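Worksheet: the structure to be examined is printed underneath.
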Amino acid sequence: MAGNSQRRNRRTSNKKGATVGSGGQRRKGLEGRGPTPPAEARKGHKKNRVASAQARRAVSGQSRRPSGRGAKSTSEMVVGRNPVVEALRADIPATAVYVQQFIDSDDRVREALRLATDRGVPLLEAPRPELDRITAGLNHQGLVLQIPPYEYSHPDDLLAEANDQADQPLIVALDGVTDPRNLGAVVRSVAAFGGHGVVVPERRAAGMTAGAWKTSAGTAARVPVARATNLTRTLEAYQKAGLTVVGLAADGDVDLYDLDVLTGPVVIVAGSEGKGLSRLVGETCDLLVRIPMPGGAAESLNAGVAAGVVLYEAARRRA
């Protein structure tokens, strides 16, 4: 009886005996996966979805508007650590600086954040996938600067600008110039020599991008740039308003030093380097003018240099 009782007690006992251990073979499995990342970085988490949605709304909030009076371009993205820092140093207008979550900070990142904070530019943190999306997969290095859409003037506004200043209109039109740096250089020369604005075609032409802003050295903030749906018609409208349209051409009939019309209302038209003025624009011009180049080393000048030379001559004659 006693033996049966002992066997029953052994069967019903909950006491656990010795077991065989892992011998440390599963130690890595016991270490865990490290600290839990913040909610904003965890895919599928509500805060991650909210952060991504905020970044998308901020980027897509600016849409293209029809051309014409008060037309705006689309917003532009400056991508990469060095370009963003250089744009902020140049005081290029900005609506936001996107910073990747958990970015590896260096001197450029710290300077970009400091410059943006000093200027009051909003800092928006976004997950890397969202920055990849808004930059179309470019190597953004965790920093993206959003430039607001440029608000172009209407060609008629440049005449109103001259009338407000009681000046004879002095306008520069660019025909087929596609390099934004040339546009920025022209804007800078117009500001330096008392011009009243720049006209560019709506299509197949440089616009006021970050590169143009940077080359203008800040003068784009006070020199209006107008977009023309049809440059030839715009020049004809200027002619009807009493302006002389002067085209710059290497084979022009008139030497710059003999150009007396620069003291009156005038539009200076510069073409692209190499192709020059288009046929229709060249035929619309009242005069085709050449710039003497005694050195003879260059066959032609780019639009920025050529326009600057003629603007200087106009300012000298008007002084």
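Need a quick list: helices (runs of 4 or more DSSP H) entirely within the range 23-137 having at least 1 residues that are more than 19 Å from Tyr150 (Cβ to Cβ), of a type in the set (Asp, Glu) and modelled with pLDDT of 60 or more.
On the way: elements: 27-30, 46-60, 81-89, 107-119, 128-134.
The qualifying helices (runs of 4 or more DSSP H) are 107-119, 128-134.
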Can you give me the number of residues within the range 251-283 that are surrounded by 15 or more Cβ atoms within 10 Å (Cβ to Cβ) and in contact with a Lys or Arg (Cβ under 9 Å, 6 or more places away or on another chain)? 5
Cβ-Cβ below 8 Å, separation at least six or inter-chain, first residue in the range 301-319 and of a type in the set (S, T, N, Q), second open to solvent by 10 Å² or more (accessible area, probe 1.4 Å): which pairs? Asn302/Asp179; Asn302/Asn182; Asn302/Glu273
For His140, which of the numbered conditions (1) part of a loop (DSSP other than H, G, I, E, B); (2) open to solvent by less than 60 Å² (accessible area, probe 1.4 Å); (3) closer than 27 Å to Pro224 by Cα fails to hold? (3)
Within the range 236-250, take every residue that is in contact with a Pro (Cβ under 9 Å, 6 or more places away or on another chain) and over 18 Å from Ala270 (Cβ atoms) and give me the one that is surrounded by the most Cβ atoms within 10 Å (Cβ to Cβ). Ala237
Just one listed residue, out of Gly282, Gly247, Gly274, is in contact (Cβ under 8 Å) with a residue 12 or more places away in the chain and in a loop (DSSP other than H, G, I, E, B), and it is Gly274
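Per-residue answers, yes or no, for (1) over 22 Å from Leu159 (Cα atoms); (2) aliphatic (A, V, I, L, M); (3) in contact with a strand residue (DSSP E or B) (Cβ under 7 Å, 6 or more places away or on another chain):
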residue	(1), (2), (3)
Ala210	yes, yes, yes
Lys214	yes, no, no
Ala226	no, yes, yes
Arg233	no, no, no
Lys240	no, no, no
Leu248	no, yes, yes
In contact with a His (Cβ under 8 Å, 6 or more places away or on another chain), under 18 Å from Ala221 (Cα atoms) and not polar (S, T, N, Q): which single residue out of Leu183, Leu158 fits that description? Leu158
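The values are calculated or read from the model by the stated rules, or taken from the named source; none is laboratory data. Only a predicted model underlies this, so the values are computations on that prediction, with no experimental measurement involved. With ideal geometry, Cβ positions are generated from the backbone for all residues, glycine too; neighbour counts draw on all protein chains shown. When the accessible area is computed, the model is the full protein with side chains, heavy atoms only, and any ligands, DNA or RNA have been set aside. Shrake-Rupley method; radii C 1.70, N 1.55, O 1.52, S 1.80 Å.
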